[in-house]
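The values are calculated or read from the model by the stated rules, or taken from the named source; none is laboratory data. Note that the coordinates shown come from a computational prediction; the quantities given were computed from them, not determined experimentally. Cβ placement follows ideal geometry from the backbone for every residue including glycine, while neighbour counts extend to all protein chains displayed. The area values use the complete protein model at the heavy-atom level, side chains included, leaving out ligands, DNA and RNA. Shrake-Rupley method; radii C 1.70, N 1.55, O 1.52, S 1.80 Å.
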Amino acid sequence: MNDALIDAYGHQWARNKENIEALRSRGNFWGVYVLCDGSMPIYIGRGRIAKRVAQHQRSKTKGQAWDHFSWYAVRKRKYEA
């Protein structure tokens, strides 16, 4: 039995088209993500990770405020919060 909380993760990925596409290509998974300006976290969110990160990239309020992101896919959605 696998009791791992995290299925997959990415740490401090640069905000660029290639990484957003790489995240999308991994699948439609749920979890937690952190938007960062350098090493400073500016926003923590949860949900469908690839979809939410892409939305933030297009955002008028947060769109230019972050340059890196980290993400953590949870094995069971009930543990997302």
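Assorted remarks:
- Cα-based reach from residue 76 at 14 Å (exclusive), listing aspartates and glutamates while leaving out same-chain residues under 8 positions away: 3, 7
- Per residue, the solvent-accessible area of the chain (1.4 Å probe, heavy atoms of protein chains only, all protein chains present) comes to 66 Å².
- The local environment of residue 62, defined by Cβ-Cβ distances under 12 Å, has a net charge of +2 under the rule Lys, Arg +1 and Asp, Glu -1.
- Alpha-carbon centroids, segment 3-17 and segment 32-49: separation in whole Å: 11
- A dipole drawn for the chain from +1 and -1 charges on Cβ atoms has a positive end, and of 72, 40, 59 the residue lying farthest that way is 59.
- Taking each DSSP H run with n ≥ 4 as -39500 (n - 2.57) and averaging over every residue of the chain yields -7000 deg cm²/dmol at 222 nm.
- 10 Å beta-carbon shell around residue 36, net charge (K/R +1, D/E -1): -1
- Rounded to whole numbers, the Karplus 3J(HN,Hα) couplings from phi for segment 30-36 are 9, x, 10, 9, 10, 8, 10 Hz, using 6.51 cos²θ - 1.76 cosθ + 1.60 with θ = phi - 60°, and x at Gly and Pro.
- With every protein chain in place, the chain: carbon and sulfur % of accessible area (1.4 Å): 49
- Anchor residue 62: lysines whose Cα lies under 26 Å away (excluding residues fewer than 8 positions away in-chain): 17, 51
- Translational diffusion of the chain, µm² s⁻¹ [Kirkwood Rh, Cα pairs; Stokes-Einstein; 25 °C; 0.890 mPa s]: 192
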